Amino acid sequence: FTRLKRSYRLLDPFDQRYFIYNNIRAFKNIENADLLLGNRISSWQQASIVLDYVNKVGEEHLDLSKLIDSDDDRIVLIAKFFEVYFKLLEEENALDFSTIQYEAFELLSKNENVLSDIQDKLTHFMIDEYQDTNTIQEKIILLLSSKTKNICVVGDDDQGLYRFRGASIRNILEFKENFKKGECKQITLSTNYRSHPDIIDFYNKWMNKLDWKEGGKTFRFTKTIKPRNRVFTDNPSVIKVSNEHSLEDYYEEVYKFIIQLEKEGVLKNRNQIAFLF
(Lines give C-alpha, C1' and ligand atoms only; values in the text may rest on other atoms or scores of the structure.)
Protein backbone atom coordinates (compact mmCIF):
# COMPACT_ATOMS: atom_id res chain seq x y z
CA PHE A 1 0.00 0.00 0.00
CA THR A 2 3.02 2.36 0.15
CA ARG A 3 5.82 3.45 -2.16
CA LEU A 4 8.27 1.19 -0.29
CA LYS A 5 9.75 -1.89 -1.87
CA ARG A 6 11.42 -4.82 -0.12
CA SER A 7 14.59 -4.19 1.90
CA TYR A 8 14.05 -0.45 2.28
CA ARG A 9 16.63 1.55 4.26
CA LEU A 10 15.88 3.42 7.48
CA LEU A 11 18.07 6.52 7.90
CA ASP A 12 19.05 7.70 11.38
CA PRO A 13 19.67 11.47 11.83
CA PHE A 14 23.33 11.23 10.77
CA ASP A 15 22.49 9.01 7.75
CA GLN A 16 19.80 11.51 6.82
CA ARG A 17 22.17 14.47 6.89
CA TYR A 18 24.86 12.54 4.99
CA PHE A 19 22.25 11.49 2.41
CA ILE A 20 21.30 15.15 1.83
CA TYR A 21 24.99 16.14 1.75
CA ASN A 22 25.67 13.59 -1.01
CA ASN A 23 22.75 15.05 -2.98
CA ILE A 24 23.23 18.72 -2.04
CA ARG A 25 23.58 19.75 -5.70
CA ALA A 26 19.92 18.82 -6.27
CA PHE A 27 18.92 21.36 -3.59
CA LYS A 28 21.40 24.06 -4.66
CA ASN A 29 20.02 23.93 -8.22
CA ILE A 30 16.53 24.95 -7.04
CA GLU A 31 15.69 28.53 -7.96
CA ASN A 32 16.45 31.00 -5.13
CA ALA A 33 18.13 28.23 -3.07
CA ASP A 34 20.66 30.75 -1.77
CA LEU A 35 17.85 32.52 0.16
CA LEU A 36 18.03 29.70 2.72
CA LEU A 37 21.34 28.01 1.99
CA GLY A 38 23.54 31.07 1.48
CA ASN A 39 26.80 30.96 -0.47
CA ARG A 40 29.47 31.17 2.20
CA ILE A 41 28.95 28.01 4.22
CA SER A 42 30.03 24.43 3.60
CA SER A 43 27.88 21.82 1.88
CA TRP A 44 27.74 19.94 5.22
CA GLN A 45 26.23 23.00 6.92
CA GLN A 46 23.82 23.46 4.02
CA ALA A 47 22.74 19.82 4.41
CA SER A 48 21.90 20.57 8.04
CA ILE A 49 19.70 23.52 6.99
CA VAL A 50 17.83 21.38 4.44
CA LEU A 51 17.43 18.63 7.05
CA ASP A 52 15.79 20.97 9.57
CA TYR A 53 13.26 22.20 7.01
CA VAL A 54 12.28 18.82 5.54
CA ASN A 55 11.83 17.34 9.03
CA LYS A 56 9.62 20.27 10.04
CA VAL A 57 7.40 19.86 6.96
CA GLY A 58 7.04 16.12 7.67
CA GLU A 59 6.43 16.43 11.42
CA GLU A 60 3.89 19.24 10.98
CA HIS A 61 2.34 17.50 7.95
CA LEU A 62 2.25 20.85 6.18
CA ASP A 63 0.19 21.21 3.01
CA LEU A 64 2.75 21.49 0.18
CA SER A 65 0.25 23.09 -2.21
CA LYS A 66 -0.32 25.94 0.27
CA LEU A 67 3.42 26.40 0.76
CA ILE A 68 3.98 26.48 -3.01
CA ASP A 69 1.30 29.19 -3.38
CA SER A 70 2.91 31.41 -0.74
CA ASP A 71 3.97 34.97 -1.59
CA ASP A 72 7.16 34.39 0.42
CA ASP A 73 9.92 32.92 -1.79
CA ARG A 74 11.50 31.25 1.24
CA ILE A 75 8.28 29.36 2.07
CA VAL A 76 8.03 28.21 -1.56
CA LEU A 77 11.65 27.09 -1.35
CA ILE A 78 10.95 24.98 1.76
CA ALA A 79 8.18 23.15 -0.14
CA LYS A 80 10.54 22.52 -3.06
CA PHE A 81 13.22 21.21 -0.67
CA PHE A 82 10.70 18.69 0.64
CA GLU A 83 9.58 17.67 -2.86
CA VAL A 84 13.17 17.04 -3.97
CA TYR A 85 14.04 15.25 -0.74
CA PHE A 86 10.98 13.00 -0.91
CA LYS A 87 11.74 12.12 -4.55
CA LEU A 88 15.33 11.22 -3.59
CA LEU A 89 14.04 9.02 -0.75
CA GLU A 90 11.71 7.27 -3.16
CA GLU A 91 14.53 6.62 -5.64
CA GLU A 92 16.70 5.29 -2.79
CA ASN A 93 13.83 3.19 -1.32
CA ALA A 94 14.51 4.83 2.02
CA LEU A 95 12.73 6.25 5.08
CA ASP A 96 13.80 8.45 7.98
CA PHE A 97 12.21 8.86 11.41
CA SER A 98 10.20 11.89 10.28
CA THR A 99 8.87 10.33 7.08
CA ILE A 100 7.88 7.12 8.91
CA GLN A 101 5.15 9.25 10.51
CA TYR A 102 4.36 11.03 7.24
CA GLU A 103 4.05 7.74 5.34
CA ALA A 104 1.96 6.19 8.13
CA PHE A 105 -0.56 9.03 8.06
CA GLU A 106 -0.74 8.99 4.25
CA LEU A 107 -1.30 5.20 4.35
CA LEU A 108 -4.12 5.42 6.90
CA SER A 109 -5.86 8.48 5.45
CA LYS A 110 -5.83 7.26 1.83
CA ASN A 111 -6.62 3.56 2.35
CA GLU A 112 -9.94 3.11 4.14
CA ASN A 113 -9.65 -0.68 4.25
CA VAL A 114 -6.25 -0.52 5.95
CA LEU A 115 -7.50 2.03 8.49
CA SER A 116 -10.66 0.02 9.21
CA ASP A 117 -8.68 -3.20 9.67
CA ILE A 118 -6.38 -1.57 12.24
CA GLN A 119 -9.30 0.16 14.01
CA ASP A 120 -11.02 -3.23 14.45
CA LYS A 121 -7.89 -4.52 16.24
CA LEU A 122 -7.06 -1.42 18.31
CA THR A 123 -10.09 -0.20 20.25
CA HIS A 124 -8.59 1.66 23.24
CA PHE A 125 -5.76 4.18 23.31
CA MET A 126 -3.76 5.62 26.19
CA ILE A 127 -0.88 7.98 25.43
CA ASP A 128 1.47 9.20 28.15
CA GLU A 129 3.72 12.32 27.94
CA TYR A 130 1.25 13.83 25.50
CA GLN A 131 2.93 17.23 25.71
CA ASP A 132 5.84 15.72 23.75
CA THR A 133 3.80 14.64 20.71
CA ASN A 134 4.09 16.51 17.42
CA THR A 135 1.39 17.52 14.96
CA ILE A 136 1.47 14.47 12.72
CA GLN A 137 1.57 12.06 15.68
CA GLU A 138 -1.65 13.63 16.97
CA LYS A 139 -3.23 13.32 13.52
CA ILE A 140 -2.37 9.60 13.45
CA ILE A 141 -3.67 9.07 17.01
CA LEU A 142 -6.96 10.88 16.36
CA LEU A 143 -7.45 9.04 13.07
CA LEU A 144 -6.89 5.61 14.64
CA SER A 145 -9.18 6.36 17.58
CA SER A 146 -11.92 8.09 15.56
CA LYS A 147 -14.05 4.94 15.34
CA THR A 148 -14.47 4.28 19.08
CA LYS A 149 -13.20 7.54 20.64
CA ASN A 150 -11.87 5.42 23.51
CA ILE A 151 -8.83 7.61 24.00
CA CYS A 152 -7.07 8.89 27.12
CA VAL A 153 -4.03 11.17 27.04
CA VAL A 154 -1.89 12.07 30.04
CA GLY A 155 0.66 14.84 30.21
CA ASP A 156 1.95 17.99 31.84
CA ASP A 157 2.17 21.17 29.78
CA ASP A 158 4.83 22.45 32.21
CA GLN A 159 7.11 19.62 31.08
CA GLY A 160 6.99 20.46 27.37
CA LEU A 161 10.72 20.01 26.86
CA TYR A 162 10.86 18.68 23.31
CA ARG A 163 9.72 21.62 21.24
CA PHE A 164 13.22 21.73 19.70
CA ARG A 165 12.43 18.24 18.35
CA GLY A 166 9.08 19.21 16.82
CA ALA A 167 6.76 18.61 19.78
CA SER A 168 3.74 20.93 19.87
CA ILE A 169 2.44 22.13 23.25
CA ARG A 170 -0.88 22.87 21.50
CA ASN A 171 -1.63 19.15 21.39
CA ILE A 172 -2.28 18.92 25.12
CA LEU A 173 -3.57 22.47 25.65
CA GLU A 174 -6.19 22.13 22.91
CA PHE A 175 -6.91 18.38 23.11
CA LYS A 176 -10.56 18.88 24.18
CA GLU A 177 -11.17 20.95 21.04
CA ASN A 178 -10.86 17.79 18.92
CA PHE A 179 -14.22 16.61 20.29
CA LYS A 180 -17.78 17.86 20.53
CA LYS A 181 -18.78 19.65 23.72
CA GLY A 182 -19.22 17.17 26.58
CA GLU A 183 -17.43 14.30 24.80
CA CYS A 184 -14.04 14.83 26.46
CA LYS A 185 -13.53 14.86 30.23
CA GLN A 186 -10.55 16.64 31.76
CA ILE A 187 -9.12 15.38 35.07
CA THR A 188 -6.48 17.35 36.96
CA LEU A 189 -3.73 15.40 38.76
CA SER A 190 -2.22 17.93 41.16
CA THR A 191 -0.33 15.78 43.69
CA ASN A 192 3.41 15.38 43.17
CA TYR A 193 4.49 12.07 44.71
CA ARG A 194 8.17 12.49 43.92
CA SER A 195 9.52 15.82 45.13
CA HIS A 196 10.24 17.57 48.42
CA PRO A 197 7.68 20.31 49.36
CA ASP A 198 10.38 23.00 49.03
CA ILE A 199 10.99 22.00 45.40
CA ILE A 200 7.26 22.04 44.65
CA ASP A 201 6.84 25.40 46.36
CA PHE A 202 9.73 26.87 44.36
CA TYR A 203 8.23 25.47 41.14
CA ASN A 204 4.77 26.91 41.84
CA LYS A 205 6.19 30.38 42.59
CA TRP A 206 8.47 30.27 39.54
CA MET A 207 5.71 29.25 37.10
CA ASN A 208 3.13 31.67 38.53
CA LYS A 209 5.33 34.73 38.11
CA LEU A 210 5.88 34.10 34.39
CA ASP A 211 3.65 35.50 31.65
CA TRP A 212 1.86 32.70 29.77
CA LYS A 213 -0.30 34.92 27.53
CA GLU A 214 0.36 35.65 23.88
CA GLY A 215 -2.05 37.13 21.36
CA GLY A 216 -5.00 36.90 23.74
CA LYS A 217 -4.44 33.18 24.44
CA THR A 218 -3.02 31.50 27.54
CA PHE A 219 -0.48 28.78 26.83
CA ARG A 220 -0.66 26.97 30.16
CA PHE A 221 -3.26 25.23 32.30
CA THR A 222 -3.66 27.08 35.60
CA LYS A 223 -2.56 24.72 38.37
CA THR A 224 -1.12 24.53 41.89
CA ILE A 225 0.86 21.36 42.58
CA LYS A 226 0.80 19.88 46.08
CA PRO A 227 3.22 17.42 47.72
CA ARG A 228 2.01 14.04 48.96
CA ASN A 229 1.18 13.60 52.66
CA ARG A 230 4.27 12.35 54.48
CA VAL A 231 7.08 13.55 56.76
CA PHE A 232 9.98 15.02 54.76
CA THR A 233 13.56 15.69 55.87
CA ASP A 234 14.30 19.18 57.17
CA ASN A 235 17.27 19.75 54.84
CA PRO A 236 17.02 22.65 52.38
CA SER A 237 16.11 21.26 48.96
CA VAL A 238 16.22 24.41 46.84
CA ILE A 239 18.98 27.02 47.03
CA LYS A 240 19.05 29.86 44.53
CA VAL A 241 22.46 31.24 43.55
CA SER A 242 22.15 34.38 41.45
CA ASN A 243 24.00 37.53 40.48
CA GLU A 244 22.59 40.69 38.93
CA HIS A 245 25.86 41.89 37.43
CA SER A 246 27.96 40.37 34.64
CA LEU A 247 28.03 36.74 33.50
CA GLU A 248 31.60 36.48 34.83
CA ASP A 249 30.37 37.59 38.27
CA TYR A 250 27.74 34.83 38.11
CA TYR A 251 30.40 32.23 37.29
CA GLU A 252 32.41 33.46 40.27
CA GLU A 253 29.32 33.28 42.51
CA VAL A 254 28.62 29.67 41.53
CA TYR A 255 32.29 28.75 42.01
CA LYS A 256 32.35 30.28 45.51
CA PHE A 257 29.14 28.42 46.33
CA ILE A 258 30.76 25.09 45.37
CA ILE A 259 33.87 25.87 47.44
CA GLN A 260 31.65 26.72 50.42
CA LEU A 261 29.79 23.40 50.12
CA GLU A 262 33.14 21.58 50.12
CA LYS A 263 34.38 23.46 53.21
CA GLU A 264 31.17 22.60 55.08
CA GLY A 265 31.51 18.94 54.14
CA VAL A 266 28.17 18.93 52.31
CA LEU A 267 29.94 18.15 49.03
CA LYS A 268 32.25 15.13 49.25
CA ASN A 269 33.12 14.91 45.55
CA ARG A 270 32.59 17.34 42.67
CA ASN A 271 31.13 14.49 40.63
CA GLN A 272 28.06 14.93 42.84
CA ILE A 273 27.32 18.17 40.95
CA ALA A 274 25.23 18.25 37.77
CA PHE A 275 24.68 21.38 35.69
CA LEU A 276 21.46 21.47 33.68
CA PHE A 277 21.23 23.95 30.82
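The values are calculated or read from the model by the stated rules, or taken from the named source; none is laboratory data. Because the structure is predicted, anything quoted here is derived from the model rather than measured. We place every Cβ from the backbone using ideal geometry, glycine too, and count neighbours over all the protein chains shown. Note: accessible area is taken over every heavy atom of the protein model, side chains too, but ligands, DNA and RNA are not part of it. Shrake-Rupley method; radii C 1.70, N 1.55, O 1.52, S 1.80 Å.
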Inset, instruction - Collect the residues in the range 189-233 that are open to solvent by 100 Å² or more (accessible area, probe 1.4 Å) and in a loop (DSSP other than H, G, I, E, B), keeping them in residue-number order. - result: 189, 193, 194, 209, 211, 222, 229, 230, 231
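Condition check ((1) open to solvent by 30 Å² or more (accessible area, probe 1.4 Å); (2) closer than 21 Å to residue 137 by Cα; (3) touching a helix residue (DSSP H, G or I) at 6+ places or on another chain (Cβ under 8 Å)) across all residues:
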position	(1), (2), (3)
39	yes, no, no
57	no, yes, yes
60	yes, yes, yes
73	yes, no, yes
82	no, yes, yes
97	yes, yes, yes
100	yes, yes, no
Legend entry - Answer from 59, 31, 91 - the residue that is in a helix (DSSP H, G or I) and over 24 Å from the mean Cα position of the chain (by Cα): 91
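Just to be sure before I move on: is residue 122 in contact (Cβ under 8 Å) with a residue 12 or more places away in the chain, within 11 Å of the chain's Cα centre (by Cα) and surrounded by fewer than 15 Cβ atoms within 10 Å (Cβ to Cβ) in the structure I sent?
Values: in contact (Cβ under 8 Å) with a residue 12 or more places away in the chain: yes; within 11 Å of the chain's Cα centre (by Cα): no; surrounded by fewer than 15 Cβ atoms within 10 Å (Cβ to Cβ): yes.
No: the conditions fail for residue 122.
Yes/no per residue for (1) in contact (Cβ under 8 Å) with a residue 12 or more places away in the chain; (2) within 22 Å of residue 138 (Cα to Cα); (3) surrounded by 15 or more Cβ atoms within 10 Å (Cβ to Cβ); (4) not polar (S, T, N, Q):
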site	(1), (2), (3), (4)
6	no, no, no, yes
47	yes, no, yes, yes
66	no, yes, no, yes
77	yes, no, yes, yes
90	yes, no, no, yes
108	yes, yes, yes, yes
